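Report on one structure; see the data block that follows.
The values are calculated or read from the model by the stated rules, or taken from the named source; none is laboratory data. Please read these numbers as outputs of a predicted model, since none were measured by experiment. Positions of Cβ are backbone-derived with ideal geometry, glycine not excepted, and every protein chain shown enters the neighbour counts. What goes into the accessible areas is simple: the full protein's heavy atoms, side chains included, and nothing from ligands, DNA or RNA. Shrake-Rupley method; radii C 1.70, N 1.55, O 1.52, S 1.80 Å.
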Amino acid sequence: MTTPTREEIVRGLAENRESPNGAARNAHAEALAGAAETSGDRALFREALDNLINAYLYSSESSRMLVPFARLLQEYDKDPGAFSHWDAHSLFWQFKWVATAISDSPGIPLESATGWLDEMERRYRIAGYSERPVREAELWLADAIGEDERAERAFRRWLAAERDDMSDCRACELNGQGQYAVLHGDDAKALELWKPVLDGDLTCAEEPHRLLATSLLPLLRLGRADEARSHHLRGYRMARGNESLLPSVGKHIEFCALTGNEPRGLEILAEHAAHVAPLANLDDRLAFHAGILVLLRRLRELGHGRTRAVPYGGSPRTVDELYEVLYAGCLDIARQFDARNGTTRVSDRFLAQVGREPLLTELPLGVRSAALPQTGSAPAPTPPTPPGSGADLPAAAFTELVERARRARDLGHPGADALWAEVAVRVDALPETDPLVRADLAAQQALAAGRSGAAEAPQLLSRVRDDYRALGVAERAALAELRLAGVAAQSGAAPTEVRALLRVALRSAEALDAAEPLRVRRIALAELSAIRMESYLRSVESSDADGHHDHHGELAAELTDFVAAHEGTVADLVAEAEEMLGRVALAQGEPERAVPLLAASAARAALAGRPWQAVDALVLRAGVLMTLERPEEAEAAARSALEHAAEVTDAEAQGVVRLTLADILLRRGDAAAESAGHALAAAHWFDQAGLTADGGAHARLLLARAYAGDGRSAEAAEVLQSALADLLEHGDQQAVSVREFLGDLLRRLNEPRPAAEQYLLAAEVAEGWEDPRPQAELAHSAADTLNDAGLAVEAAAAYERALELHRLTGEVAVAEVRILRSLAWLGLREEVTAPAVSGARKRLEEAADVLEAALAADPAAPELRSELAQTWHQLAQVLDRHVNANEQSYEITDEDEENDTGDGRDGGDEVQDLAGPEAEPAAGLSPAEVDGLRLEEIELWDRAARVYAELGPDHLRDRFQCLNNAAWTEQERGDAEAGAARVTALIDEARELPQDTVPDWLLPSAERLLAQLTDSL
């Protein structure tokens, strides 16, 4: 194998610095350091050692940095003068990392750890650095070895010492200060200290990544669960797959275990299965594995010990098996620390962590997680019961329970099923049972069978009817007759059979004794059921050719008669009929007529003492009102539905109510945060109903949109990605919409490559659509993000495809022009040569031609005129690039729009990062050619500035930039006076304008520009 040359090592170091952190980068860095040492080039060796230390730091092998650091320190001691100021600074900075690594390595004796700390203090003092980092390192060593008084002294001296350029960044320091507060039981103080970091005001390479994880349990302990959820979604996204952040990943896993999100924790563990193997950094291993152990212990307690976890040591492991091996390994590490430190503090803290009890029974996170598998050993849920059980339940208490169940049943209360389930549990333990109670329980069983479509439902109902007759409870027997008809219709029985059963049920109701309190209700219920089922039967019997039969009209007439006949007696049934009338009106295409009917139904149900019955009508009314563009009334209806749903036990119904309100609030535009709360709850309820892939997916989509609307893009992306597979199953339109939305989120999070992937996948789905516009827009978005990612070839192909599609529409001139401009600049990315400049000019002139053609049809269109001015502006910039490349002096500047724009030319909106310092200069231009190009630049900027002036004050900044560029170009031609004259004219114009119409930045910038031009005369 040949020895690498110096150039190959230098190139390898550059590549290594850009490589993903992890074992592969470390191995490459080690090889480069070895090759550099062999080369005999001491400067190169020092550079390779520095790179190796940095590679180790951001991996799970950070403890291995000690050897290369010691070698680098030896190099410094041999020849300090060989180290530049920056090299020496870097070496002293790395001392802090080494101090932490030594403290975190139980194999290094305590005396050596203390010795390194003393050496760090000595060297910092000699170099003139503050003791602040030294005291911080001393704090954590003292804490680990149980010297609390020394730790407190070090903490105070840390805070008292001056900050200098050797101090950790503020974000990292606040992390440590907050963690010290947590160790002393002050979660509130810790969160107050961490706030600037958690809010994003202070950041660094690993913050807020680490603090978002560290803050989870303090937030939960303080009851701030919503913030904890947010920190988990944001923080896990940052930590996922990052070797140096495995302790933070462990904290996210622990958080899931302690909030009823064990499935989510198991998924995170699976995503990091490759990292569960023993880590070189023992302190990181202890932190990471301890979080995993909290999850595994919870899973064992829930009966999932035999569930498959992740492999370890090359073998598959169940939860039980993985728990045992990780627990033993962690306990061994903790005891190594104890032996080194002379205290049990590390093992005590480890055991306390693993033994933590859940902080919340359930905290919905919004992200989709697969349910844990059903296991035979899982504890069976039992219904809630009052004090006493079985035979020791007092007879009076049992009688009262039965009466409550009957009242709930007769009222149609959603909680009736739970009460009867409790009766069923109790009844078997009683020595004697009332036959009527047995009959009621059999009726409940038959009702459940009917709802589920069970084949035995008719037999069960027939038996119930006979039992009630034998017991003399005729009204319950009549109800069983009616339910037999319903089961027959549900099972697809012949219409004649269903009608016969309905007649029997009605006769049974009418035959009830006149003194029977429920006689009127049973008759009305039979009539309403007959109306509902007869409408269904008529539709079954109608032939396809009989499409003109007015089934809806007949049903509406029957329901109207029913309401009129029973309005003063059975309010809940009348409310049901009114809701049906509202639905019929919608089916007939008359939403305005449906609205009052649904409102009347809800009001009547509520007045009847059955608020839960009003929920469906209110939800439907809210949806109708939104289609009628009456959002305020819709919101009121949805809020009323949520209020009335307090006692609803059906999980799907709860999900629908919340999803409806969330959607309305999101569309309102100023209630994204509240919308997110309801969408989150909706997703949870749909999950409970077993509808994760349906209603749950739609709720998560809406939750993601609400988060995005509230400025919480990371949370939105995390939620949306978790539900993506479900959402893609709901048709091509939704697949395209969802992928585009995800692409937008990822782009906002500065993740251009995955964003481009989503746009391209969406465009692929839209490829066969008749309308090419969606595919054109997606291809354009993909091109922009590929451009952002530095993938010039791929971006150019996507731009060309988008251009082709936009031209097919024949109507989107602005989009076509922007693509042409982007292609122009892409052509200059690698080098500014005469052919490249010619190609860019051609693209920009083509863009101008497109706009001029569009303006011929609409000369006053402000957007088209602005785009034309921008195109001239950019053509001038291309020519200016050509001139400056010719002189080998062009530099791209990326100035913030808010900064002063009077100190030189702008780079333009599409110029950034398009030609680096290694770009080849253009072929030599003669002085005459240079002057000709500069004159053309000035003419283009003047032309653009005139258009901007005509467009008014909204384009003043663009106009000033054109004037600025033209003035400097005049100066380069040796005519600074002409440039100064332009600026003076603008200043005079601005001073003539009303003061409140002149932007604050304009006059100071113009005056500064004028002074600079004057100074150059």
Quiz prompt | Condition check for Ser105: assigned to a loop (DSSP other than H, G, I, E, B) and modelled with pLDDT of 95 or more | solution = no
Quiz prompt | Cβ-Cβ under 7 Å pairs, at least 6 apart or on other chains, the range 175-187 side farther than 17 Å from Ser248 by Cα and of a type in the set (Gly, Ala, Ser), far side open to solvent by 20 Å² or more (accessible area, probe 1.4 Å) and at pLDDT 95 or above | solution = Ala181/Lys189; Ala181/Leu193
Quiz prompt | Answer from Ala70, Ala36, Ala29 - the residue that is among the aliphatic types (A, V, I, L, M), within 26 Å of His272 (Cβ to Cβ) and open to solvent by less than 40 Å² (accessible area, probe 1.4 Å) | solution = Ala29
Exercise. Kindly indicate whether any position in the range 808-818 is modelled with pLDDT under 90 and in contact with a Leu (Cβ under 8 Å, 6 or more places away or on another chain).
Key: yes
Quiz prompt | Scope the range 108-132; condition part of a helix (DSSP H, G or I) and touching a residue at least 12 places away in the same chain (Cβ under 8 Å); matching residues | solution = Leu110, Ala113, Thr114, Trp116, Leu117, Met120, Glu121, Arg123, Tyr124, Ala127, Arg132
Self-check item: Neighbours by Cβ (under 7 Å, 6+ apart or cross-chain): first from the range 405-429, at negative phi; second aromatic (Phe, Trp, Tyr) and assigned to a helix (DSSP H, G or I)
Solution: Ala405/Trp420; Pro414/Trp612; Arg426/Phe398
Quiz item: Which one of the conditions (1) surrounded by fewer than 22 Cβ atoms within 10 Å (Cβ to Cβ); (2) within 40 Å of the chain's Cα centre (by Cα) does Tyr76 fail to meet, given that it meets all the rest?
Solution: (2)
Quiz item: In the range 625-668, what count of residues is obtained for those that are open to solvent by 70 Å² or more (accessible area, probe 1.4 Å) and touching a Pro at 6+ places or on another chain (Cβ under 9 Å)?
Solution: 8
Exercise. For the range 490-528, enumerate the residues that are open to solvent by 50 Å² or more (accessible area, probe 1.4 Å), farther than 23 Å from Arg451 by Cβ and part of a helix (DSSP H, G or I).
Key: Thr496, Arg503, Arg507, Glu510, Arg519, Val520
Exercise. Mind listing whichever residues of the range 378-411 are in contact with a Gly (Cβ under 6 Å, 6 or more places away or on another chain) and modelled with pLDDT of 50 or more?
Key: Ala408
Quiz item: Quick one: which of Arg700, Arg658 is of a type in the set (Lys, Arg), in contact (Cβ under 8 Å) with a residue 60 or more places away in the chain, under 25 Å from Gln734 (Cα atoms) and in a helix (DSSP H, G or I)?
Solution: Arg700
Exercise. Would you check if there is a residue in the range 189-200 being more than 17 Å from Asn261 (Cβ to Cβ) and among the acidic types (Asp, Glu)?
Key: yes
Exercise. Determine, yes or no, whether Gly265 is open to solvent by 30 Å² or more (accessible area, probe 1.4 Å) and out of contact with any Pro (no Cβ under 7 Å at 6 or more places or on another chain).
Key: no
Quiz prompt | Verdict on Val615 being touching a residue at least 12 places away in the same chain (Cβ under 8 Å) and over 38 Å from the mean Cα position of the chain (by Cα) | solution = no
Exercise. For Arg829, indicate whether it is in contact (Cβ under 8 Å) with a residue 40 or more places away in the chain, open to solvent by 20 Å² or more (accessible area, probe 1.4 Å) and among the charged types (D, E, K, R).
Key: yes
Quiz item: Among the residues of the range 692-699, is any buried (at least 24 other Cβ atoms within 10 Å of the Cβ), closer than 29 Å to Ala416 by Cβ, hydrophobic (A, V, I, L, M, F, W, C) and under 28 Å from the mean Cα position of the chain (by Cα)?
Solution: yes
Quiz item: In the range 825-884, which residues are assigned to a loop (DSSP other than H, G, I, E, B) and in contact with a Lys or Arg (Cβ under 8 Å, 6 or more places away or on another chain)?
Solution: Gly827, Leu828, Val832
Quiz item: Does Leu803 satisfy the condition of being farther than 27 Å from Pro754 by Cα, in a helix (DSSP H, G or I) and touching a residue at least 12 places away in the same chain (Cβ under 8 Å)?
Solution: no
Self-check item: Flag for Glu567 being among the acidic types (Asp, Glu), under 49 Å from the mean Cα position of the chain (by Cα) and open to solvent by 60 Å² or more (accessible area, probe 1.4 Å)
Solution: no
Quiz item: For the range 89-102, does any single residue satisfy the condition of being within 18 Å of Ala154 (Cβ to Cβ), in contact with a Leu (Cβ under 8 Å, 6 or more places away or on another chain), of a type outside the set (A, V, I, L, M, F, W, C) and open to solvent by less than 50 Å² (accessible area, probe 1.4 Å)?
Solution: no
Quiz item: Which residues, taken from the range 696-717, are basic (Lys, Arg) and within 9 Å of Ala672 (Cα to Cα)?
Solution: Arg705
Quiz prompt | Whichever residue in the range 461-480 is of a type in the set (Gly, Ala, Ser) and touching a helix residue (DSSP H, G or I) at 6+ places or on another chain (Cβ under 8 Å) and, among such residues, is surrounded by the fewest Cβ atoms within 10 Å (Cβ to Cβ) | solution = Ser462
Quiz item: Tell me, which helices (runs of 4 or more DSSP H) lie completely within the range 1-96 with 2 or more residues that are touching a Pro at 6+ places or on another chain (Cβ under 7 Å)?
Solution: 23-39, 42-57
Quiz item: List, please: which pairs have Cβ atoms under 7 Å, are six or more places apart or on different chains, and start with a residue in the range 838-857 that is on the phi > 0 side of the Ramachandran plot and surrounded by 14 or more Cβ atoms within 10 Å (Cβ to Cβ) and end with one that is at pLDDT 95 or above and in a helix (DSSP H, G or I)?
Solution: none
Exercise. List every residue pair whose Cβ atoms sit under 8 Å apart, with the two residues 6 or more apart in sequence or on different chains, where the first one lies in the range 927-945 and is of a type in the set (Asp, Glu) and the second, anywhere, is outside any helix (DSSP H, G or I) and surrounded by 15 or more Cβ atoms within 10 Å (Cβ to Cβ).
Key: Asp931/Arg973
Exercise. For the range 261-283, name all the residues that are of a type outside the set (Asp, Glu), assigned to a helix (DSSP H, G or I) and more than 16 Å from Leu326 (Cβ to Cβ).
Key: Pro263, Arg264
Quiz item: How do the pairs read when you match residues in the range 290-316 that are at positive phi with residues anywhere that are surrounded by fewer than 17 Cβ atoms within 10 Å (Cβ to Cβ) and among the hydroxyl-bearing types (Ser, Thr, Tyr), using Cβ under 6 Å and keeping only pairs 6 or more apart or on different chains?
Solution: Gly303/Thr375; Gly303/Ser377
Exercise. Starting from the range 547-558, take each residue that is on the phi > 0 side of the Ramachandran plot and list its partners that are modelled with pLDDT of 95 or more and not hydroxyl-bearing (Ser, Thr, Tyr), counting only C-beta distances under 9 angstrom and pairs at least six apart or across chains.
Key: none
Quiz item: When both residues are 6+ apart or on different chains and their Cβ atoms are under 8 Å apart, which pairs have a first residue that lies in the range 358-370 and is open to solvent by 60 Å² or more (accessible area, probe 1.4 Å), and a second that is of a type in the set (S, T, N, Q)?
Solution: Leu359/Thr259; Glu362/Thr259; Arg368/Thr692; Arg368/Ser722
